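The values are calculated or read from the model by the stated rules, or taken from the named source; none is laboratory data. Every value quoted in this text rests on a predicted model; they were computed, and no experiment measured them. For neighbour counting, all protein chains shown are included, and Cβ atoms are generated from backbone atoms with ideal geometry for every residue, glycine included. What goes into the accessible areas is simple: the full protein's heavy atoms, side chains included, and nothing from ligands, DNA or RNA. Shrake-Rupley method; radii C 1.70, N 1.55, O 1.52, S 1.80 Å.
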2 protein chains.
Amino acid sequence: MSNPILAELIRGGIVESRHSGAIAVSDPEGRIVLSLGDVTRPVFPRSAVKAFQALPLLESGAADKLDLTDAEIALAVSSHGGEPRHVETAAAMLAKAGRDAGTLECGVHAPSFRPAAWALLRAGEEPCALHNNCSGKHAGFVCLACATDRDPHRYIEATHPVMREVMGAVNEMSGAALTGDGVGIDGCSIPTQAAPLAGVARGFARFGTGAYLGPERAKAAARIRRAAAAEPFLVAGTKRFCTDIMTIFGERVFVKTGAEGVFCAAFPELGYGIALKCDDGGTRAAELMMAGVIAKLLPLSEDETEALKRFLEPVQKNWNGIEVGRLRLAGVLA
Amino acid sequence: MSNPILAELIRGGIVESRHSGAIAVSDPEGRIVLSLGDVTRPVFPRSAVKAFQALPLLESGAADKLDLTDAEIALAVSSHGGEPRHVETAAAMLAKAGRDAGTLECGVHAPSFRPAAWALLRAGEEPCALHNNCSGKHAGFVCLACATDRDPHRYIEATHPVMREVMGAVNEMSGAALTGDGVGIDGCSIPTQAAPLAGVARGFARFGTGAYLGPERAKAAARIRRAAAAEPFLVAGTKRFCTDIMTIFGERVFVKTGAEGVFCAAFPELGYGIALKCDDGGTRAAELMMAGVIAKLLPLSEDETEALKRFLEPVQKNWNGIEVGRLRLAGVLA
C-alpha cells in the first residue's frame, strides 16, 4: 500500500517534487482521531522520541538531585544546532554530574546551525562532542548514570543499565521494539527502536496529558513539557521549526523532530498525540505536514494563524534571494 | 498515478524510508527501451541538462575562439564542489573572455564540498561567485557572450540573446518548455525548463550518438562527452557520483546530476539516453537509481562490476563511524 502524497514543491507553475507520508493522531486511550496512510507498520521515530528517552532522568530523581534547570532539561530532549548556548548548557550538565565532554559517546560533528559552524572554524577551533546535535540527550544519560551511582562508561550500549531504562521507557510509551528487527543504531550510536506511528501518537497523547501514566511518569512528562515551553531555544535553536513553533504556542504544543522525516507532537488541551513520517525521510515535508496538522486541529487566534503562515507555505529562495519555489500541502491536508 | 518505489533505506532489519521515482531509457528515435513510472509528465531536469545548455558555446565557435581546454569545457557542464581546481578553472575561463568573477550572475555560496568550505573559512577568506557550484556553466555563458561580441550583462534573463540560444538548445534536445508553465527559475537564477523524462532521455540518446543532430551539434556533443571523460573531476569533484562513475567508465558513460533528484546519462555504445527523477527530490535515491540502470543495461567487466558495488548498496555510517543503514534498490531495479 502506498501512502498518500501530502506535500508538493511548486516551481514554474508545475509540481516539481512530491512527498508521501503517514500521520497518526491519537487520544491517550489509543483511539485514532485522524489517520492518513499506513500508521500500523513500524517506523523509527528517531530523535522525535527524545522526550520519552529522557523520562528516566526525571523519574529516577537524578534531575532533582543534580538540580537540573529548565534549560538543561530542555536540552536533554533536544536536537540542537550546536550554538554557543547549547554547548555551554551541555557542558554545565556534565559538570553537575562531575564529568566533562570526554564522557560523551555520541561522536563529533560540526554545529548543524551553519553560522555556528562557521564561527567555530573562523576562530580556529575544532568541533567536539558538545557540538553534536544529541549532546544534550547524552549529557542527560551521563547525569542519570552518575546521579544514581552507575558508571556511565558505554552508556550507549543496549545492555547498559541506563540504556535499558531508556529503551524500556520508549517501549512502554509507544510499543517500540526492544530487541531484534526494529532495533537499529541511531546517528548518535544509541539504539533506536521502531514503533507504529499509532503507538507513538498514543504515547504523545499520554505524554501531553499524563493520562494512563503512573504518577511519577506523569510528573516527569509535565516537567519536560514545561521546560521545553520555557526554553524552546534549547530544544533546537535559531531558525528551527521546533523552537519557532513552541515559541508561538508555549505549553499548548510540544513538538519534536526526528531524522528521516519524523515529527511528533502533543496538544495537551485536546488530549491528542501526533506522530508522522514523510516516507522519503525529507525534513522539509515533515515540517510542513506538522504545520498542517497544527492548522487543522488546534484552535488558533488571529495572531497564531498569522504566525503559522510561513510554515504552511515555505518559500524557497535561490542564491540571489529570488523566490524560485514553494512547498504546499497536498491531499487531505491541503 | 503514483510512481513505483525504487529505493529503500534499511535500518535495524526493516525499511526505514522509501523513495519512488520514474525512469525513461530511450533510443535516439524516441523509442522507449525501459520505462518505469510516469515518463510523460513534465519534470525540471535542472542541472542534469547542463550539457545541452553548453551546446551553443561549442556550436557558435566561441569555445574554439577562446581556446577552451577539456577541463574548461567539462567545468561548463559541471555542478562542482567549489574545490580549488574548480575555482581556478572558472577564473581562467572568465579571463579568456576578458572578464572576472564580477561578471558572474549566479550568486554566491560556500563550496558544497565541505572540506573546501572549511579550508576557505579557516584561511579567513569569504566565498565568492566562483565557488557557486554553477560557476563553470555561467563562465561558459560569459565566454559565449564575449566571444560573439555580445554584452554579457543580465545574461541570466530569458530575453538575453545568449539565454535564448541556451533555452532553444534545451528545447530542441528535449522538448522542454520555452515559456509559461514549466519555465521556472533555477538555483543559479537562469530559467529552468520542464520536459517529460521521455523527451530528456531521447535528447541524451542523441547527445551520446549524434544521431538526428545536425553536424555542428553532433560535433559539439562529442566534444563535451570527450571533455567530461577526460576531466571527470571538473564535472563534479571529490567523492561525487558523476566524477566517480565517469572515472570508472570513461567515454562509455556520460552522467550528470540535477537538483531535486534528477539524473541523466548517455550510454553511447548502446545508443541509449537515460533520464530519471526521484519524486521527492532525494539525491541519494537518484544516484542509486542511476547506478541500478548502469548495472542493468551496460555490459560490465569484472572490475567494473566490483567498482560499481559501493554505488549499488551505499552504506550509511554515523558520527562514530558505525554502519547504521544501507540504501538498496527496490522493485524492478532490485
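Figures for the structure shown
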quantity: Only Lys, Arg (+1) and Asp, Glu (-1) charged, at Cβ; chain A dipole about Cα centre in debye; calculated: 360
quantity: Built amide H within the under 5 Å cut-off of A:Val324, gap 5+; calculated: A:Gln316, A:Lys317, A:Asn318
quantity: Free-standing Cys residues across the protein assembly as shown, given no other cysteine C-beta under 4.7 angstrom; calculated: A:Cys128, A:Cys143, A:Cys146, A:Cys242, A:Cys264, A:Cys278, B:Cys128, B:Cys143, B:Cys146, B:Cys242, B:Cys264, B:Cys278
quantity: Selection from A:Leu300, A:Ser189, A:Ala22, by position along the positive dipole direction of the protein assembly as shown (Cβ); calculated: A:Ala22
quantity: Total accessible area lost when A and B pair, probe 1.4 Å, Å² to nearest 100; calculated: 4000
quantity: Kirkwood hydrodynamic radius (C-alpha pairs) into Stokes-Einstein, segment B:5-333, 20 °C and 1.002 mPa s, D in µm²/s; calculated: 108
quantity: B:Leu34 long-range amide H proximity, modeled H, under 5 Å; calculated: B:Val25
quantity: Residues with amide H under 5 Å from that of A:Thr192, placed H, sequence gap 5 or more; calculated: A:Gly184, A:Ile185, A:Asp186
quantity: Inter-part distance where segment A:41-112 and segment A:253-310 are each reduced to a Cα centre, Å; calculated: 23
quantity: Per residue, the convex hull volume that the Cα atoms of segment A:119-160 enclose (Å³); calculated: 89
quantity: Most mobile listed residue (B:Ile23, B:Ile274, B:Ile248) in chain B, GNM with C-alpha springs under 10 Å; calculated: B:Ile248
quantity: Separation of the A:Asp100 and A:Glu216 label points, Cα + 7 Å toward Cβ, nm; calculated: 3.4
quantity: With Cα atoms, 0 to 90° folded angle of helix A:302-312 axis to chain A main axis; calculated: 90
quantity: Eligible lysines near B:Lys137 by straight Cα distance, threshold 26 Å, same-chain separation 8 or greater; calculated: A:Lys317, B:Lys50, B:Lys65, B:Lys96, B:Lys219, B:Lys239, B:Lys256, B:Lys277
quantity: R0 of 45 Å, Cβ-Cβ distance A:Thr247-B:Glu29: FRET efficiency to nearest 0.05; calculated: 0.15
quantity: Carbon and sulfur %, accessible surface of chain A computed with the full protein complex present, 1.4 Å; calculated: 52
quantity: Segment A:60-75 - phi-based ³J(HN,Hα) in whole Hz, Karplus 6.51/-1.76/1.60, Gly and Pro as x; calculated: 6, x, 4, 4, 5, 4, 8, 6, 5, 7, 3, 4, 6, 5, 4, 5
quantity: Gaussian network model of chain B, Cα within-10 Å springs - most flexible of B:Glu59, B:Glu251, B:Glu302; calculated: B:Glu302
quantity: Cut-off 15 Å between beta-carbons: net charge of the residues surrounding A:Asp280, Lys and Arg +1, Asp and Glu -1; calculated: -3
quantity: Complex-versus-alone comparison for segment A:1-39, residues with a loss of 20 Å² or more in accessible area, probe 1.4 Å; calculated: A:Ser2, A:Arg11, A:Gly12, A:Gly13, A:Ile14, A:Glu16, A:Ser17, A:Arg18
quantity: For segment A:5-333: accessible area per residue (Å², 1.4 Å); calculated: 34
quantity: Neighbour net charge for A:Ala74 - beta-carbon separation under 12 angstrom, K R +1, D E -1; calculated: +4
quantity: Between helix B:84-96 and chain B: long-axis angle, C-alpha atoms, 0 to 90°, nearest 10; calculated: 30
quantity: Stretch gain in nm, segment B:Arg326-B:Thr179, where the contour uses 0.36 nm per residue and the Cα spacing is subtracted; calculated: 48.8 nm
quantity: Net charge of Cβ neighbours under 10 Å - reference B:Leu329; Lys, Arg +1; Asp, Glu -1; calculated: 0
quantity: Rg/Rh ratio calculated on Cα atoms of the protein assembly as shown (Kirkwood radius); calculated: 1.00
quantity: Nearest-ten-degree value, helix B:161-174 long axis tilted from longest Cα axis of chain B; calculated: 30
quantity: Listed residues A:Ala220, A:Ala259, A:Ala119, most fluctuating in chain A (Gaussian network, C-alpha, under 10 Å); calculated: A:Ala119
